[in-house]
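Engineer: Before we start, here is the structure in question, set down as structure tokens.
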Amino acid sequence: MQYLEDDHLKLLLHQEWLVKIDGKKSIPYLMKFYASAMDQCCCIMITDTKQVWGEVLSSKGVARRWRECNPGQSPALDLSDNDEEDWRSQTLELLTSAHSLGGIIDLEFEIEEKARNADLAFVLGSDDFKWRWETYSLGPRVSADVLSQHLILPLISVTHLAFSSADPVSELSAADLEKAIDKVGRTARRSVDTHVRHAVTKPRVATALRRMAAVYNFANANEYPPVHNEVSVPELKLPVLKQSVPAPTAHKAPPPAEGSHRPASQAPPRSQQNEPAPATPASPQVLPDSPAPAPAEDDDSATEPEAEPDDPAPAAAPRQATARPSPSPPPDASGSGTAPPSRQASPRPQAHAAAAGSDDDEAPPARPSKKTKRVQSSSDDESEGARRRPAQRKTASRGAKQPLKRGGRRF
């Protein structure tokens, strides 16, 4: 047995398709047969439109296969060479006649399920003789090429001829049909892609193939696609996306400040623990018929009156503690006179004491100072004035300092 090669496939292009049906499974098989009287060899190709099988037999292979299938009708092995050649030639002619359109109709066809030496084995025969083919698979790639060259493209061209011919193909004579086939074939051979496009894109051909495929594959009869002679050209529009309104998203609360949440394990520094709490004015108590406070005067004036202000001294202490006034030169130790009394004379020692206390608190060994008690202001105006006085003292422009009077009352 020889393998089916490209040379054999080219020889099979000139042969017609033969059809036999497997009665047990109802599967149709298409086959092509070629025999050479000069070389006394033959080959066959068979397909179920999905796979392709083939076999090649030489002159000795044909004689051996015949003696196996027909032992009672085979000559003896001791024939002369001339007689053996004549007998092999007559056997090959019989096989050629059997594998023809008219001869294969009356032959029986049977597939052997369990073939030992073949991928697909089948038997052709009648009451007079039998013949068995033992074929092997050509593989998926070669099978696709064979089906395209031998079956698919020729069917497309014949379909194009049938739909484009002015006269019905069935009414054409053999000579006219040959001319029409040659013309279409030469055109298709020059440009296969253009030929297939013109043949299949015709509305009648495309829709007829579509309907045939639906009917052939048992589609619903109510859903058979129609056949059209003309088709409309649709307008191609690009898709437009509708701008959808974004869904409202919940606003997350801003993260708390770093200083707002302090772990319990982190205690404030010792300097902060020892510092006294700042005096915060409590809610003012409204007193009936309270006199308006006097406007603030310049602290550095040396000619201010000696009269003491009506404001209590304890109320001035927290004001001096919150905003330290600028230091004034100390009085002369050997002073022979007394300086006139000033409004800020009494609070200054307290302010210096508070400043000294804060400096002492910063030192590690010093003991913490006592916390000052809250002092309630008499009215809203007093508390507002108390907060504004330190700022005014810092920003106000200071004039020339007046000399201190000697021999005055000392504090």
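The values are calculated or read from the model by the stated rules, or taken from the named source; none is laboratory data. All values derive from a computational prediction rather than experimental measurement. Note that each Cβ is placed from the backbone with ideal geometry, even for glycine, and that neighbours are counted across all protein chains shown.
Engineer: Just give me the residues in the range 125-159 being closer than 19 Å to Leu18 by Cβ, assigned to a strand (DSSP E or B) and in contact (Cβ under 8 Å) with a residue 60 or more places away in the chain, in sequence order. Can you show your working first?
Structural biologist: The initial filter retains those residues of the range 125-159 that are closer than 19 Å to Leu18 by Cβ, namely 125-126, 129-135, 138, 143, 146-147, 149-152, 154-155, 158.
Next cut, assigned to a strand (DSSP E or B) only: 125, 130-135.
Hits for the range 125-159 are Lys130, Trp131, Arg132, Trp133, Glu134, Thr135.
Engineer: Tell me, please, whether a residue that is under 60 Å from the mean Cα position of the chain (by Cα) and surrounded by 12 or more Cβ atoms within 10 Å (Cβ to Cβ) can be found in the range 91-100.
Structural biologist: For the range 91-100, residues under 60 Å from the mean Cα position of the chain (by Cα) and surrounded by 12 or more Cβ atoms within 10 Å (Cβ to Cβ): present.
Engineer: Output yes when any residue across the range 188-211 is of a type in the set (D, E, K, R), free of Cβ contacts under 8 Å to residues at least 40 places away in the same chain and closer than 24 Å to Leu18 by Cα, and no when none is.
Structural biologist: No, every residue in the range 188-211 fails to be of a type in the set (D, E, K, R), free of Cβ contacts under 8 Å to residues at least 40 places away in the same chain and closer than 24 Å to Leu18 by Cα.
Engineer: Specify which of the listed residues (Ala166, Ala180) is surrounded by 13 or more Cβ atoms within 10 Å (Cβ to Cβ), over 48 Å from the mean Cα position of the chain (by Cα) and not assigned by TED's automatic domain parsing to the domain that holds Trp17.
Structural biologist: Just one listed residue meets the conditions, Ala180.
Engineer: While we're here: Any residue at all in the range 73-95 that's part of a loop (DSSP other than H, G, I, E, B), among the polar types (S, T, N, Q) and either touching a residue at least 40 places away in the same chain (Cβ under 8 Å) or closer than 28 Å to Leu13 by Cα (or both)?
Structural biologist: No, the range 73-95 contains no residue that is part of a loop (DSSP other than H, G, I, E, B), among the polar types (S, T, N, Q) and either touching a residue at least 40 places away in the same chain (Cβ under 8 Å) or closer than 28 Å to Leu13 by Cα (or both).
Engineer: Filter the range 142-163 for residues that are surrounded by fewer than 16 Cβ atoms within 10 Å (Cβ to Cβ) and small (Gly, Ala, Ser) and give the result.
Structural biologist: Ala144, Ser148, Ala162
Engineer: Output the strands (runs of 3 or more DSSP E) that fall wholly within the range 1-65 and possess 3 or more residues being in the same structural domain as Ala98 (by TED's automatic domain parsing) and crowded, with 18+ Cβ neighbours inside 10 Å, or say none.
Structural biologist: Answer list for the range 1-65: 27-36, 41-47, 52-57.
Engineer: Only one residue in Arg141, Arg186 is closer than 26 Å to Ile46 by Cα, basic (Lys, Arg) and under 60 Å from the mean Cα position of the chain (by Cα), so which one is that?
Structural biologist: Going through Arg141, Arg186 in turn, just one is closer than 26 Å to Ile46 by Cα, basic (Lys, Arg) and under 60 Å from the mean Cα position of the chain (by Cα): Arg141.
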